[in-house]
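Just passing along the structure, written as structure tokens.
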Amino acid sequence: MSETDEELMLRLSRHDTDEALLDLMMRYQGLLVNHFRKRGVQHEYEDLAQETFFRIYKARKRYRVTASFKTWMFRIAHRVWLDHLRKQSRRTRREKAFADEPRPQHSSPPRAHAQDLDWALSHLRPGHRDVVVFSHLEQLSHGEIAEILNIPEGTVKSRLHHALKELRDLLEQEAAI
């Protein structure tokens, strides 16, 4: 009988065994890679998944079984993603500062991408994108999302409602072009 995620984390935190971490990585590597891809990460999704496991390992002594391991893991993955966005933003500002020609401020996506969910998700505000990804793509409960994002459950529901309306409007507008 295989150990639960929580048992593996407790074994990792108490005995520092590489086996427990490897088992968790085998279970969740694909899920994390897909999670980062769904969030719009272009090329570094595997690196971000590895960074998440690195941070899980660093935080192993602080792990407490108060929530499911998956919720705790996604909370760490969310922080990894936010750090990635910050780095990406700094990189973009540097590139713009050194660019010879000004770049267009806004460009419409090609008509072929009008129905592309990835494109539409990328145009949502980060808070709205978070709840859509966690709710519909990762299939987490409102309570788990609230815990990951550290916001009230009512806020999760409200953001989800507004995000889905915004997604629908974006897709309808682009389909009309």
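So for the stretch 47-59 (the condition being over 18 Å from Glu147 (Cα atoms), within 14 Å of the chain's Cα centre (by Cα) and of a type in the set (D, E, K, R)), does at least one residue qualify?
Yes, some residue in the stretch 47-59 is over 18 Å from Glu147 (Cα atoms), within 14 Å of the chain's Cα centre (by Cα) and of a type in the set (D, E, K, R).
With respect to Leu167, determine if the residue is at pLDDT below 85, touching a helix residue (DSSP H, G or I) at 6+ places or on another chain (Cβ under 7 Å), in a helix (DSSP H, G or I) and surrounded by 14 or more Cβ atoms within 10 Å (Cβ to Cβ). It would help to see each step written out before you state the result.
On the way: at pLDDT below 85: no; touching a helix residue (DSSP H, G or I) at 6+ places or on another chain (Cβ under 7 Å): yes; in a helix (DSSP H, G or I): yes; surrounded by 14 or more Cβ atoms within 10 Å (Cβ to Cβ): yes.
Spelling it out, it is not the case that Leu167 is at pLDDT below 85, touching a helix residue (DSSP H, G or I) at 6+ places or on another chain (Cβ under 7 Å), in a helix (DSSP H, G or I) and surrounded by 14 or more Cβ atoms within 10 Å (Cβ to Cβ).
Look at the stretch 16-42 and say how many of its residues are hydrophobic (A, V, I, L, M, F, W, C), in a helix (DSSP H, G or I) and buried (at least 16 other Cβ atoms within 10 Å of the Cβ).
Residues flagged as hydrophobic (A, V, I, L, M, F, W, C), in a helix (DSSP H, G or I) and buried (at least 16 other Cβ atoms within 10 Å of the Cβ) within the stretch 16-42 amount to 7.
Of the conditions (1) at pLDDT below 90; (2) loosely packed, with under 14 Cβ neighbours inside 10 Å; (3) assigned to a helix (DSSP H, G or I), Ser13 fails just one. Which one is it?
All conditions pass for Ser13, except number (2).
In the stretch 87-104, is there at least one residue being at pLDDT 80 or above, surrounded by 10 or more Cβ atoms within 10 Å (Cβ to Cβ) and under 14 Å from the mean Cα position of the chain (by Cα)?
no
The values are calculated or read from the model by the stated rules, or taken from the named source; none is laboratory data. No experiment lies behind these values; they were computed from the predicted model shown. Note that each Cβ is placed from the backbone with ideal geometry, even for glycine, and that neighbours are counted across all protein chains shown.
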